[in-house]
Structures are given as structure tokens and as C-alpha cells.
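Asker: The structure follows.
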Amino acid sequence: MAEIDESKRGVEAEREPNFLLAPFEKRFLPWVAGRLPRRVLPDDLTAIGLLSAFGICAAYQLSNESLAWLWVASGLLVVQWLGDSLDGTLARVRGIQRPKYGFYLDHMVDAISTAAIGIGLGLSPFMLLSIGTLIVVAYLILSINVYLESMAFGRFRLGYGFIGPTEIRAILIVLNTALALKLGLDFNIADVNLTVLDVIGLTIAGGMIVLLVGRAIQNLRELAKGEPAAPRR
């Protein structure tokens, strides 16, 4: 049996597209990548995705002044999805992958983008900053768990259940639209003025914590079978 190169194990882990919109992305993204001009490179798309995340943050903050900025945030969420999702797809379609470089850059940018969007939501009039920060922290902890799994098991399961980054973006676009159209999504709970984004944010953060605990327990049980603990003496 060939010896496993630990320096490549996480990078070359098999990716498991287990979230809801993965079948659509699997067909659509290669189709788009195959039609991009040759002068467009994966790093260009990564940069577009990152800049769009900062634009989303700014748009949410500016929605304090005008609800029209919510439409800008939604448009930038689409651009951010394309930049974030197409960079790796373009590299694979053209056969110009750089596995270690791409793994490092992609996940560093993901962390920064998630923080920017979460903080932007917290700076908007529709979500408490504490809830936006909680979502960011929970998401980053889940991401760390994914990277640990890729090293320990050689598999890369980005989505937890059927909800992944693309699905979260779609939900945000729907909510942005409802808020921009003033569909009355504010309400009061225990004398605290909340919006539907606050409630959904708390639900998402709580759900992520539950999923993390469940997956961590499952992972530890699986690892313990392969590496039994020493008996007590």
C-alpha cells in the first residue's frame, strides 16, 4: 500500500457536493467557464468574488440611508457567487489547477468574505450586530471542522445537510427583496425590536452549532474505532 503524503491529503480530499443546489451548479458552472474569454483567469474571478463581498458589506451598511441599497446587495451576492464558484471550475475546465495554492487561497478568501457579509448584515438596520457576528463565528468554526475532516478522513464535505453557501445567498436575496418592498418583516419579542433577519440569523447560528456538535461526535466515534484509546491501568 502506498504511503499517504500528509502534505497533500487535505488538498486532494474528495469533495462531496451534498447541498441542495449542487446538481444545478455542477451543470451550470462548467458551461459558463467554458465560455469565458481566455484572458480571464481563476485569480481574476477570486478577486471579483472578494471585492463583491466587501461591496455587499458596504451596501448593507448603506441600506440605513436607503432601501435601494438592498437591490445592490442582492446583485452583488450573485456576482460574489459567480466569482467564488467559478474560479476553481475555470481552473478544472482549462486543466490549469494549482491544488495547494488554490486550496489555501480559496478558503482564506471564503473566511474573509463570510466575515465581510456577516458584519455588513449586522451594520444594516435589519440585523443586530451581535447576531451577525455570531453567524460569522459559527460559520468559521464549521469551516475549520471541514478542513480538519479533509485531513483526517480525506473527504471534503462543505455543506452541512442540504444548506451550503449558495443556498444561504439565495435566502438572503429573497429576504433582501422582501425588505426592499417593505413587506412588514419587523416585530417585537420581549420588548426587543427584531426583524425576520434577526430571527433567521439566530436560527441559522443555532442550527450550525447543533450540526457541528453532531458531526464532531460522529467524527470522533469513527476516528476512535481506527485508533482505540489505551486501556486504563
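Asker: Quick one: grab the alpha carbon gyration tensor of the chain, order the square roots of its eigenvalues as a ≥ b ≥ c, and give me rounded if a/c is under 1.5, else prolate or oblate depending on whether a/b is larger than b/c.
Answerer: oblate
Asker: Test of understanding: in a Gaussian network model of the chain with alpha carbons linked when under 10 Å, which of A180, A115, A59 would top the mean-square fluctuation ranking?
Answerer: Greatest mean-square fluctuation among the candidates belongs to A180.
Asker: So, in Å, what gap is there between the alpha-carbon centers of the stretch 214-233 and the stretch 116-181?
Answerer: Result: 29 Å between the Cα centres.
Asker: Suppose a student asked you for the relative contact order of the chain, using Cα pairs under 8 Å spaced at least 6 residues apart; what percent would you report? Before the final figure, lay out the partial values.
Answerer: Working: 267 pairs, mean separation 63.7, N = 233.
Worked out over the chain, it gives 27 percent.
Asker: Which residue, P37, P23, P165, has the most motion in a Gaussian network model of the chain that connects Cα atoms within less than 10 Å?
Answerer: Taking springs between Cα atoms under 10 Å, the residue moving most is P37.
Asker: Report, in deg cm²/dmol and to the nearest 500, the calculated mean residue ellipticity at 222 nm for the chain, where each DSSP H run with n ≥ 4 adds -39500 (n - 2.57) and the sum is divided by the residue count.
Answerer: Taken over the chain, the calculation gives -24000 deg cm²/dmol.
Asker: Of F54, F126, which has the most accessible area and how do the rest follow, probe 1.4 Å?
Answerer: Working: F54 105, F126 25 Å².
Descending accessible area places them as F54, F126.
Asker: Further question: Accessible area per residue of the chain at 1.4 Å probe, in Å²? The partial results should precede the final answer.
Answerer: Details: 13490 Å² over 233 residues.
Accessible surface, normalised per residue, equals 58 Å².
Asker: Turning to a different aspect of this structure: List every DSSP H helix in the chain whose Cα atoms extend 24 Å or more along the helix's own long axis and whose mean Kyte-Doolittle hydropathy is at least 0.0.
Answerer: Span-like helices in the chain: 42-62, 68-94, 99-123, 129-153, 196-226.
Asker: In addition: Could you tell me the accessible area of L179 in Å² (1.4 Å probe, neighbours in place), rounded to the nearest ten?
Answerer: Result for L179: roughly 10 Å² accessible.
Asker: Pick from R155, R92, R221 the residue whose mean-square fluctuation is largest in a GNM of the chain, springs joining Cα atoms under 10 Å.
Answerer: R221
The values are calculated or read from the model by the stated rules, or taken from the named source; none is laboratory data. Note that the structure is predicted; figures quoted are calculated from it, not measured. Remember, those area values only see protein heavy atoms, side chains included, never the ligands or the DNA or RNA. Shrake-Rupley method; radii C 1.70, N 1.55, O 1.52, S 1.80 Å.
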